[in-house]
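Working notes, structure below.
The values are calculated or read from the model by the stated rules, or taken from the named source; none is laboratory data. All figures in this text were calculated on a predicted structure; none of them were measured in a lab. Counting neighbours? That spans all protein chains shown, and the Cβs are built from the backbone with ideal geometry, glycine included. Heavy atoms of the whole protein, side chains included, go into the accessibility calculation; ligands, DNA and RNA do not. Shrake-Rupley method; radii C 1.70, N 1.55, O 1.52, S 1.80 Å.
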Amino acid sequence: MDDLNKFLEGFGRFRQKYFVDDSALFKRLNSQGQKPSTLVIACCDSRVDPAIITDCAPGDMFVIRNVANLVPPREIGPTNQGVSAALEFGVSVLNVERIIVLGHARCGGIAALMRDDTGAASAGYLARWIGIAETARQRVWSEFKDMPLEEQIHACELASIVVSLGNLMTFPWIRERVEAGTLKLHGWYFDLERGMLLGYERRTGQFVVMDPDFAPKD
Ligand SMILES: [Zn+2]
């Protein structure tokens, strides 16, 4: 079976589930619109679909995906700012209650940054984009300079999540809501080697393993 047939058969199962067996959810989403509580910023990587790894239903998550799940700092000007536009819509229009920056293991974007290798044929888009995480790279180089490269890449995957959490706060309409307690920011990391989900704990500056009974404290 080729991929297209696989996708169409998958859509058939999706349709059976949500439009035949139980149509209440899409009836509500159709008549009342979307009201997701959560905005997720995830990587384009095909292995880390946030709705799949959290077993979410349609309507649960407003998702922004880009290379290496990065949030650029606030920029004023005429450039096309897809992430900022989606953040603005999610926060100011949909009034989400939380934003999760979801990083992951084996991130090609972060590896390219750490190896300084975005491919010989690169038109420059990738290098410029992952440069958003330059602060994370510098941090890793200064704190873990004697570590093997693979461990530095892992450290940069985590550090870049923290950089993006900081960049979120450069948007005044995010900062105001965070300070008012109406919006929470979370850093998550999907370890696809071990099948684990880690959460950033601000108090300790560490990523800790999460499960339904144990979530990191702010
Ligand atoms: Zn990635």
Quantify, in whole percent, the carbon and sulfur part of the accessible surface of the chain (1.4 Å probe; protein heavy atoms only). 54 percent
Under a 1.4 Å probe, what is the accessible area of the chain per residue, stated in Å²? 58 Å²
Output ³J(HN,Hα) for region 27-37: one whole-Hz value per residue in order, computed from phi by the Karplus curve 6.51 cos²θ - 1.76 cosθ + 1.60 with θ = phi - 60°, and x for Gly and Pro. 4, 5, 5, 6, 7, 9, x, 7, 9, x, 7
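Semi-axes of the equivalent ellipsoid of region 27-72: what are they in whole Å, largest first, if each equals the square root of 5 times a C-alpha gyration tensor eigenvalue?
23, 12, 7
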Work out, step by step, the length gained on full extension between Lys184 and Asp117: first 0.36 nm times the residue separation, then minus their alpha carbon distance; give nm to one decimal. 20.7 nm
Let's see if you can work this out: charge +1 on each Lys and Arg Cβ, -1 on each Asp and Glu Cβ, no other charges. What is the dipole magnitude of region 35-209 about its Cα centre, in debye to the nearest 20? 340 debye
How large is the dipole of region 1-129 about the Cα centre if only Lys and Arg carry +1 and Asp and Glu carry -1, each at its Cβ, rounded to the nearest 20 debye? 180 debye
Roughly how many Å is it from the Cα centre of region 54-128 to that of region 140-209, as a whole number? 14 Å
For region 165-182, in residue order, the Karplus 3J(HN,Hα) values (coefficients 6.51, -1.76, 1.60; θ = phi - 60°; whole Hz; Gly and Pro = x) are 4, x, 5, 4, 6, 7, 8, x, 6, 7, 4, 4, 5, 5, 5, 7, x, 9
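Just round it to a whole percent: the fraction of Cα-Cα distances in the chain exceeding 20 Å.
I get 63 percent for the Cα pairs in the chain exceeding 20 Å.
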Based on the Cα atoms of region 78-129, what semi-axes does the equivalent ellipsoid have, where each is the square root of 5 times one gyration tensor eigenvalue, given in whole Å with the largest first? 29, 17, 6
Considering amide H positions built from the backbone, and no H for Pro or chain starts, which residues 5 or more places from Ile100, or on another chain, come under 5 Å of its amide H? Leu39, Val40, Ile41, His186
Placed amide H near Glu201: partners under 5 Å, 5+ positions off or other chain: Gln206, Phe207, Val208
Sparse-neighbour loop sites [trypsin sites (Lys or Arg not before Pro); region 142-209; at most 12 other C-beta within 10 Å; DSSP]: Lys145, Arg194, Arg203
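Hand me the GluC sites (Glu not before Pro) from region 157-218 located in a DSSP loop with no more than 14 other Cβ atoms within 10 Å, in residue order please. Please list the in-between numbers first.
On the way: sites: Glu157, Glu176, Glu179, Glu193, Glu201; in loops: Glu193.
When the GluC sites (Glu not before Pro) of region 157-218 are filtered for loop state and at most 14 Cβ neighbours within 10 Å, Glu193 remain.
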Which order do you get for Ile76, Ile130 if you rank them by accessible area with a 1.4 Å probe, largest at the top? Ile76, Ile130
